[in-house]
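Data block below; observations after.
The values are calculated or read from the model by the stated rules, or taken from the named source; none is laboratory data. No experiment lies behind these values; they were computed from the predicted model shown. Please note: Cβ atoms are built from the backbone with ideal geometry, for glycine as well, and neighbour counts cover all protein chains shown. Remember, those area values only see protein heavy atoms, side chains included, never the ligands or the DNA or RNA. Shrake-Rupley method; radii C 1.70, N 1.55, O 1.52, S 1.80 Å.
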Amino acid sequence: DCGVQHNTRVGRLRLLRAVLNEAVKRDMIAKNPFDRYRVEGMTSRHGFLGDGDIAKLERLTELTGMEEMVRDAFLFCCFTGLRWSDFKALQPENIKNGWIRIVMQKTNQPVAIPYTKLFEGRAELMLKRYDGDMRRMNSRLPTNSQVNSTLRDILRKACINVGFRVTFHTSRHTFASLLLEEGIPVTTVQRMLGHTKVQTTQIYAEVTERTIEKDVRRLSKSHSQRVPPNRKRASIMKNNV
């Protein structure tokens, strides 16, 4: 299975395990051979942008008219978690009283996003650039592939270098990952993303756990460097008593 991607392989194994469990229930087989086999978890196929990268995009001024529109659309989705298809389908009637309410194109799941309360209301500020009319932001954009190409040009202008291929969908991963880093419950993030299963949302939690571990190590190292020498010696002497 060298050519099969990790998440695809995990999905197939989970499906096989479910089929075998059903076969046990129907007395078609005596035991599920997967009982002692641990199926690996899915991993995020996309990275996400950090607060610093988002701030760079917000400050960027040397953009063409189309680049500015793509940047604003991308940031709007970083602050709301909408997919490209849902962003394109968004109409003024979907945005009322500080909430975005829409049925997701992919999963047919209804979602409610309190966009004025998230990320200090930066999605609302983005919308105000277009006089509050969503159609002025989303109706004039080209195809998804063209937007992705323009987005990479924008990132180069902003001097944002990340170790993964950024696409418009990265905005959705950014939304989820940043909220989980802030301690928002995974089930709440799940509802705003419109995921049918919490396991899908937990992919982002795995990413942030690695980020937290890295930050804790950095904080620990920084604290160690700030401890006065006499305090270190006192600690050593206390341990030797």
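Tell me the per residue accessible area of the range 43-164 using a 1.4 Å probe; a whole number in Å² is fine. Can you show the working numbers first?
Working: 6220 Å² over 122 residues.
Heavy-atom accessible area per residue stands at 51 Å².
What ranking, highest mean first, results for peptides 26-34, 109-117, 65-73, 155-163 when packing means the other Cβ atoms within 10 Å averaged over each residue?
Details: 26-34: 10.6, 109-117: 16.4, 65-73: 18.0, 155-163: 13.1.
Those peptides, ordered most packed to least, come out 65-73, 109-117, 155-163, 26-34.
Please identify every one of the GluC sites (Glu not before Pro) in the range 141-211 that sits in a loop by DSSP and has no more than 12 other beta carbons within 10 Å of its own beta carbon. Please list the in-between numbers first.
Working: sites: E181, E182, E206, E209; in loops: E182.
Sparse-neighbourhood loop GluC sites (Glu not before Pro): E182.
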